[in-house]
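Student: Can you keep this structure in mind? I'll have questions shortly.
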Amino acid sequence: MPAPGTAHGLGPHVVGQRVVVRRRLPGQTGPSGGPAMTDVLGLCTAWADGSCVVRPESGPEVTIAWADIVSGKPVPPRASVRQRVPARDAEGHSLPMWPHVERSALGEWELRSDPAPVGRLLKRANSCLAIGEPGLPLAEAAEQVRAFYTARGRDSLVQVELGSPTEHDLADLGWRPVPGGDAHFLVSSLAMAIRSARGDGDVELVEDGPRAHVVRRVAGVEVGSGRAALDGDWLGLYSLVVEPGHRRQGHAGALVAELLEWGAERGATTVWLHVETDNQAALALYGGLGFRVHHTCRYLAP
């Protein structure tokens, strides 16, 4: 028998890791007449005394003799439940953020328009969420998008998943990326984020139903603010701003910490947000709180 770990990618070093193991089934014959084999996928919990133990995601642990191992290797951890949520469903959690926004279904797409914007026009609240199927040929759907925004005196804009067939098909129809419009959808366990957040409590919070608004002041002057909205057990963070002269002083972290606490008190378990792909400071902040990329969005205009 080969020394443990020399005939495959397994050995004592994989204890605690997710592995896939192909093993012989002694005394059984396979379809081709040779030994029967099967694969076991799960967490390796032991490697000693001539056998390894693998705990599948469901069912009892499986003990496999080293001599019966045909091949095997470590495999990446399974994506978390929140990472397996479809992009369309994840994007749908933004509904409570702007309750006054006009929304119109186009199959699985959603046309969105803010009738009374304050300040700059937000792309997410004034674009067609074009993820999923529109329920009619793409060229016809694109024309309906243009007609919807033309009727409201707005430029046509769609939000697509980066690299999706919809993006490529719209490109064939002449739609082009909006400069600076690419944004990651980041997601994290709220419990993980709240453990890593650093807040000092010196933040004002105003609650409005499923939404909250936080403000940070220094010497009576507002230096930063942010918002959050709760949709089921998903907490969305948005509109986080710190004045340029007050950045890199912990204000953003304090604002986020206050919003996370607010969400946790109301039963949130997942926290998410959009951040532009070139915003390195924000990506560093949220990466330190355990956020990971779920998908990436791009805005297209005809």
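Student: From the list Gly11, Gly50, pick out the single residue that is on the phi > 0 side of the Ramachandran plot and crowded, with 16+ Cβ neighbours inside 10 Å.
Tutor: Values: Gly50 fails: crowded, with 16+ Cβ neighbours inside 10 Å.
Matching residue, one of Gly11, Gly50: Gly11.
Student: Tally up the residues in segment 103-153 that are among the acidic types (Asp, Glu) and touching a residue at least 24 places away in the same chain (Cβ under 8 Å), please.
Tutor: Number satisfying all stated conditions: 2.
Student: Among the residues of segment 283-301, which ones are more than 13 Å from Glu161 (Cα to Cα) and either at pLDDT below 95 or surrounded by 20 or more Cβ atoms within 10 Å (Cβ to Cβ) (or both)?
Tutor: Leu283, Ala284, Leu285, Tyr286, Gly287, Gly288, Leu289, Gly290, Phe291, Arg292
Student: Give Arg112, Arg88, Arg103, Arg84 a once-over and let me know the one that is within 30 Å of Arg146 (Cα to Cα) and exposed (fewer than 15 other Cβ atoms within 10 Å of the Cβ). Give the steps one after another, and end with the answer.
Tutor: On the way: Arg112 fails: exposed (fewer than 15 other Cβ atoms within 10 Å of the Cβ); Arg88 fails: exposed (fewer than 15 other Cβ atoms within 10 Å of the Cβ); Arg84 fails: within 30 Å of Arg146 (Cα to Cα).
Unique residue meeting the criteria: Arg103.
Student: Further question: Has segment 174-197 got any residue that is exposed (fewer than 13 other Cβ atoms within 10 Å of the Cβ), touching a residue at least 24 places away in the same chain (Cβ under 8 Å) and farther than 23 Å from Tyr286 by Cα?
Tutor: Yes, that holds for at least one residue.
Student: Of the residues Val70, Val53, which single one is farther than 19 Å from Ala171 by Cα, of a type in the set (A, V, I, L, M), touching a residue at least 12 places away in the same chain (Cβ under 8 Å) and part of a strand (DSSP E or B)? Reasoning before the result, please.
Tutor: Numbers: Val53 fails: touching a residue at least 12 places away in the same chain (Cβ under 8 Å).
One residue alone meets the criteria, Val70.
Student: Pick out, from segment 184-299, the helices (runs of 4 or more DSSP H) lying fully within it that include 3 or more residues that are under 15 Å from the mean Cα position of the chain (by Cα) and closer than 30 Å to Ala130 by Cα.
Tutor: Values: elements: 190-196, 251-265, 280-287.
Result: 280-287.
The values are calculated or read from the model by the stated rules, or taken from the named source; none is laboratory data. These numbers come from a predicted model, not from an experiment. Note that each Cβ is placed from the backbone with ideal geometry, even for glycine, and that neighbours are counted across all protein chains shown.
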